[in-house]
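What follows is calculated from the coordinates using simple rules that are stated; it is not laboratory data. In this text the structure is predicted, and so the values were computed from the model without any measurement. Cβ coordinates were reconstructed from backbone atoms using ideal geometry, including for glycine residues, and neighbour counts include every protein chain displayed.
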Amino acid sequence: MTEAFLFPLRLHLLCAPSHRRGEYLLERKFAQAFAASNGIPLDFDALMATLRDWCAAQGVVRNGQTASFSGRSANKQYSGTATRFRDELSILIHVDGEGQKRFRILGLWNDFSWLVLYQEPLLGEWRSWPGAAKDPEGMEKDRTDERSAREGFEWVCRRRIISRARLLRGEEVTTEYYSPSYRKR
């Protein structure tokens, strides 16, 4: 079975239902478990590559870009839109006689995997830049592309009050900054 066979109408078979009605999330563990239990051969990385290629062919390459599409599958007419939000692809499909379905594919790209953290001067807590979030959920919202993250990292490091800062890609620290006053301690 090819990955193209699963897209777009059969994509919901590999997606976990969301808490919102008619919304599905494509997650690696759920998709692989479902495929294995139903005898569907699935290469998840190939599926993600197929989705990225499809997006590129539709013109959805950068953050905020949208494309409309339509077609016919299993004798049903469908139409939809695909929109990129940072590293996520949101696909809204309307199938005649079935209503709407929204598919969210998180982490399809890895452009927005960069994060800047700095150590809060008084309490020593790690916070994200620019939102100053200290909880993991808030920090995820501050993830950005490499150029913005590097600019932010340089800006944070120039602040005299900041003694430590980290630039992360995914969960890996790529650069770490220690102020001269921190090194003297």
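Assorted remarks:
- Distance (nanometres) between label positions extended 7 Å along Cα→Cβ at Arg150 and Glu88: 2.8
- Mean Cα-pair separation over length for the range 114-183, i.e. relative contact order, pairs under 8 Å, 6 or more apart, %: 33
- Pairwise centroid distance, computed over Cα atoms, of the range 113-169 with the range 85-110, Å: 30
- Folded to 0 to 90 degrees: helix 146-158 orientation relative to the chain principal axis, Cα: 20
- Spin-label zone in the range 95-139 - amide nitrogen under 14 Å from a point set 7 Å from the Cα of Tyr182 along the C-beta vector: 116-129
- Of all aspartates and glutamates in the structure, those lying under 13 Å Cα to Cα from Lys29, and not within fewer than 8 positions of it along the same chain, are Asp43, Asp45.
- Short-range pairs are left out: with C-alpha atoms under 8 Å and at least six residues apart, the relative contact order of the range 3-105 is 23 percent.
- Candidate values [x] 21.6; [y] 16.9; [z] 18.8, label of the one derived for Kirkwood radius over Cα pairs in Å: [z]
- Listed by chain and number, the aspartates and glutamates whose C-alpha is less than 19 Å from the C-alpha of Lys101, apart from same-chain residues fewer than 8 away, are Glu23, Glu27, Glu88.
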